[in-house]
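For reference, the structure discussed in these notes is given below.
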Amino acid sequence: MANVAHSTLTGANLHEPKGVAAATVGTVYVADGAGSGAWVAVPTTSIQGGTVGSAGLHLYSDGAGGIYTAAVSHGSCTFVNIITPSVIATPTVFTKVAPTTVASGHGVDVTEGTDARLTYTGAHMGHFSVRANLCFGHTAAADRDASFVIAKNGTVIASSEQLSTCPSGAKHSVSVQADLELTNTDYVEVFTKLSGTGNVQVYLHNFVLERI
């Protein structure tokens, strides 16, 4: 029989890696640095190197069997004006809270709009926490129930609704929160409505979107 170097073998002449017959489904062979190794689930110590990215990045599934690294997507915008509040005229149905907001300036994969809108611009679907803290009042001469909700792409998320009974001439605080699935170009806003006539006056609107 002719002597054949192993390095010249191709195709069906190549044998499976050592120990594959007893390896568990889904495991990989990981070297132990001492001339041997074992078939194991991929350990975190093997996910390293230049392909993973910079320090502080998170590892995500792309939903199609792959993984990628990215910073935690987040963004926020704020409105504060105690002297001249933003006014929503007679919102007897849910109407957008629309003050002129100031961007945080350090958003990642989020457009921080001056129109009280936060838009996700990342490439991959993700789950997000949306939070809004507001200080508000109303112009009616009697008590009013004021409702606030998170809206996604203009559609109210009913489960996020928070209700506050606000006397005339008083200022109240309310917090609204929702956990949502967002894909590229999805946006979130806050809407409000009043239980009767009168305008809603928003003095503070702190709005945050963060991947979870």
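Structure data summary
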| item | result |
| --- | --- |
| Label-point separation in nm, Thr121 to Val20, each point 7 Å along Cα→Cβ | 4.6 |
| Peptide ranges 154-165, 119-130, 20-31 listed from the most packed, as the mean C-beta count within 10 angstrom indicates | 119-130, 154-165, 20-31 |
| Prolate/oblate/rounded call for the range 74-211, Cα gyration tensor, a/c under 1.5 rounded | prolate |
| Contour minus Cα-Cα distance for Ala38 and Thr139 (0.36 nm per residue) | 29.1 nm |
| Two-site label geometry, Gln177 and Val102: point separation in nm, points 7 Å out along Cα→Cβ | 2.6 |
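Every read-out reported here was derived from the displayed coordinates using simple, explicitly stated rules and does not represent laboratory data. Given the structure is predicted, the values throughout are model-derived calculations rather than measurements. Backbone-built Cβ (ideal geometry, glycine too); neighbour counts: all protein chains shown.
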